[in-house]
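Trainee: Take this structure, written in C-alpha cells, and hold onto it; I'll ask about it next.
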Amino acid sequence: MDEQKAKLRKLLGESEWTSKEMQWLLNYLQNSDGTELIQLMQKHFSDDLENSKGISPEASRKIFKAIHQKIRLESKTVKRRVIPVRRIAIAASVIGLLLMSAFLLSNKVGKKEIVTGGVNNQRFKDDVSPGGDKAILTLADGSAVVLDEAQNGTLAQQGSSKVIKLGGKIMYDPANKNSKEIVYNTITTPNGGQYQLELPDGSLVWLNSTSSIHFPTSFAGKERRVEITGEAYFEVAKNRDMPFIVTVNNAEVQVLGTHFNVNAYNDEENVKTTLLEGSVKFVSGDNISMLKPGQQSQLTNNGLIKVLNNVDVEEVVAWKNGMFDFENAGIEIVMRQLSRWYDVEIEYNGKTDDLFIAEMRRNIKLSDALKALELTGKVKFDIQGKKIIVMP
C-alpha cells in the first residue's frame with residue numbers, strides 16, 4: 001500500500017505522464033477500490049486551502065481519462081473508440097471514482113469550504129431529486145390510476161386480463177383466455193417518471209420519461225399492435241403467427257420477436273429506432289428499411305429514412321439501465337435528457353459549442369449531475385426553482 005501511495009503521489013505531482021505510468025494508473029483503478037487515491041486527493045485539497053499550489057490540470061485530465069477507461073472496461077461490451085483527452089467530461093457513474101477525480105465537489109475542512117472548479121453551492125440551493133417509477137394507468141372506462149400511489153397486487157380486471165402491480169411494473173395476466181373481449185389501456189409517464197410493462201403476450205416494455213403506450217389488454221387476430229409516444233424499449237415475445245407492430249408518429253416498426261428501442265420525442269430531430277437483437281422492418285409511407293442488430297433508422301421530418309451502422313447501443317439504452325450516457329453530445333442533447341428526468345425547464349444564457357462525454361447514474365441529485373458536467377470547464381449552471389440556467 002505504501003508503494004502504491006508513493007507512486008500515486010509522484011503521478012499527482014507531474015504534469016507529463018509516460019504511457020507506462022498511464023497504464024499503471026489504469027491497472028490500479030481496475031484492481032482496487034481507490035482508497036489510497038481518495039486519501040491523497042483529499043490531502044491535496046486540504047493543503048490547497050493554505051497555499052495556491054494544487055494538482056496540475058494535466059494530471060487531473062489524465063485521471064479523468066483513466067477513470068473513464070475503467071468504467072468502459074467494466075461494461076458488458078467494450079466501446080472501441082478513441083476519446084480525445086480535451087473532450088473528457090467525467091465518468092460519474094461510480095460515486096467513489098467521482099471523489100477521486102481531482103475535484104472534490106463540496107467538502108468542508110474546519111470552517112473553510114472547498115469550492116471546486118468554480119462551483120458555488122449557492123447556485124444549487126434549489127436542488128432537485130431524481131425521477132423514479134411514476135406513471136398513470138388509464139383504464140378502458142377512462143378512469144385513471146396513479147401507479148406510484150397504488151398498492152401492489154391486482155388493480156383491475158380489463159377485458160380478459162387481470163392488471164397486476166408489482167413495484168415499478170404492471171403486468172397483464174390473461175386469466176380468462178376464452179374471453180374475446182378486447183379493451184384498451186394507456187400508461188403515461190410524466191417528466192421525471194419511468195415505468196415497466198409486461199403485455200399479455202409476455203412482451204416487456206420500458207417507458208422513459210414523458211412517454212406513453214396505448215395497447216389492448218389481450219391480443220387477438222393476426223397482429224399485436226401498440227402505439228407509443230416519447231421513448232420506449234421493447235423485448236418482444238416471439239410469435240411468428242402474430243407480428244408485433246409499434247405505431248409511432250405515422251410510422252410503424254414491425255417485428256416478430258426482438259429487442260429494440262424507439263425514441264420519438266417531439267423535441268428531437270428524428271424518430272430513431274435502434275435494433276439490439278433480431279430484426280425489424282421500419283415503415284413510413286412508401287419508405288421501408290430493414291434493420292440488423294447495431295443499426296438505427298432515423299425518420300426525418302420530410303419522411304425520409306436514413307440508416308446508421310455500428311450504433312453504440314449501450315448509449316441508446318442507457319436510460320433503461322439507470323444511466324445517462326453521453327458520447328460527444330452537444331449541450332442541447334444533454335439538457336433535454338436532464339430536463340425530462342428531473343422535470344425542469346432549460347434556459348440558455350449564451351452559446352456552448354463543446355461536446356460532452358459523460359456517464360452518470362440517473363439516481364443522483366440534479367446538482368451532482370450539473371457539478372459533474374461543470375468539471376469540463378466548458379459550462380456552468382444555476383438552478384432557479386424548477387429552471388436550469390446554462391452559461392458558457
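The values are calculated or read from the model by the stated rules, or taken from the named source; none is laboratory data. Since the model is a prediction, treat every value here as computed from it, not as a measurement. Cβ placement follows ideal geometry from the backbone for every residue including glycine, while neighbour counts extend to all protein chains displayed. Remember, those area values only see protein heavy atoms, side chains included, never the ligands or the DNA or RNA. Shrake-Rupley method; radii C 1.70, N 1.55, O 1.52, S 1.80 Å.
Trainee: If you take the residues in the range 227-241 that are open to solvent by 60 Å² or more (accessible area, probe 1.4 Å) and assigned to a strand (DSSP E or B), which one is nearest to D267 (Cα to Cα)?
Mentor: Ranking the candidates gives T229 first.
Trainee: Only residues that are closer than 17 Å to G192 by Cα and not small (G, A, S): list them for the range 366-387, please.
Mentor: L366, D368, L370, I383, K386, K387
Trainee: Hey, F219 hits all of (1) open to solvent by 30 Å² or more (accessible area, probe 1.4 Å); (2) aromatic (F, W, Y); (3) not in a loop (DSSP other than H, G, I, E, B) but one; which does it fall short on?
Mentor: Of the numbered conditions (1) open to solvent by 30 Å² or more (accessible area, probe 1.4 Å); (2) aromatic (F, W, Y); (3) not in a loop (DSSP other than H, G, I, E, B), the odd one out for F219 is (3).
Here is a yes/no grid of residues against (1) open to solvent by less than 40 Å² (accessible area, probe 1.4 Å); (2) at pLDDT below 90; (3) hydrophobic (A, V, I, L, M, F, W, C):
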| site | (1), (2), (3) |
| --- | --- |
| P243 | no, no, no |
| V253 | yes, no, yes |
| A264 | yes, no, yes |
| S284 | yes, yes, no |
| N287 | no, yes, no |
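Trainee: Among the residues that make up the range 172-190, is at least one of them in a strand (DSSP E or B), open to solvent by less than 40 Å² (accessible area, probe 1.4 Å), of a type in the set (V, I, T) and out of contact with any Gly (no Cβ under 7 Å at 6 or more places or on another chain)?
Mentor: Within the range 172-190 (the criterion being in a strand (DSSP E or B), open to solvent by less than 40 Å² (accessible area, probe 1.4 Å), of a type in the set (V, I, T) and out of contact with any Gly (no Cβ under 7 Å at 6 or more places or on another chain)), the answer is yes, since at least one residue qualifies.
Trainee: Among all residue pairs at least 6 apart or on different chains, which show Cβ distances below 6 Å where the first residue, located in the range 223-249, is more than 17 Å from L204 (Cβ to Cβ) and the second is part of a strand (DSSP E or B) and among the small types (G, A, S)?
Mentor: Once the first residue is more than 17 Å from L204 (Cβ to Cβ) and sits in the range 223-249, its partners that are part of a strand (DSSP E or B) and among the small types (G, A, S) give T229/S212; V248/A264; N249/A264.
Trainee: Here's another thing I want to ask about it. Looking only at residues that are open to solvent by less than 20 Å² (accessible area, probe 1.4 Å) and β-branched (V, I, T) in the range 308-345, which one is farthest from P293 (Cα to Cα)?
Mentor: V344
Trainee: Go through the range 255-279 and give me each residue that's of a type outside the set (D, E, K, R), in contact with a Ser or Thr (Cβ under 6 Å, 6 or more places away or on another chain) and over 18 Å from S211 (Cα atoms).
Mentor: G278
Trainee: Right, here's the next one. Is it the case that E268 is open to solvent by less than 60 Å² (accessible area, probe 1.4 Å), acidic (D, E) and assigned to a loop (DSSP other than H, G, I, E, B)?
Mentor: When the stated conditions are applied, E268 passes them.
Trainee: Next question. Could you list, ordered by first residue, the pairs with Cβ atoms under 7 Å in which the first is in the range 183-204 and touching a residue at least 60 places away in the same chain (Cβ under 8 Å) and the second is in a loop (DSSP other than H, G, I, E, B) and β-branched (V, I, T), at least 6 apart or interchain?
Mentor: P190/T210; N191/T210; Y195/T189
Trainee: Restricting attention to the range 191-210, and to residues there that are open to solvent by 10 Å² or more (accessible area, probe 1.4 Å) and of a type in the set (A, V, I, L, M, F, W, C), which single residue is farthest from the chain's Cα centre (by Cα)?
Mentor: Looking at residues that are open to solvent by 10 Å² or more (accessible area, probe 1.4 Å) and of a type in the set (A, V, I, L, M, F, W, C), I get L204.
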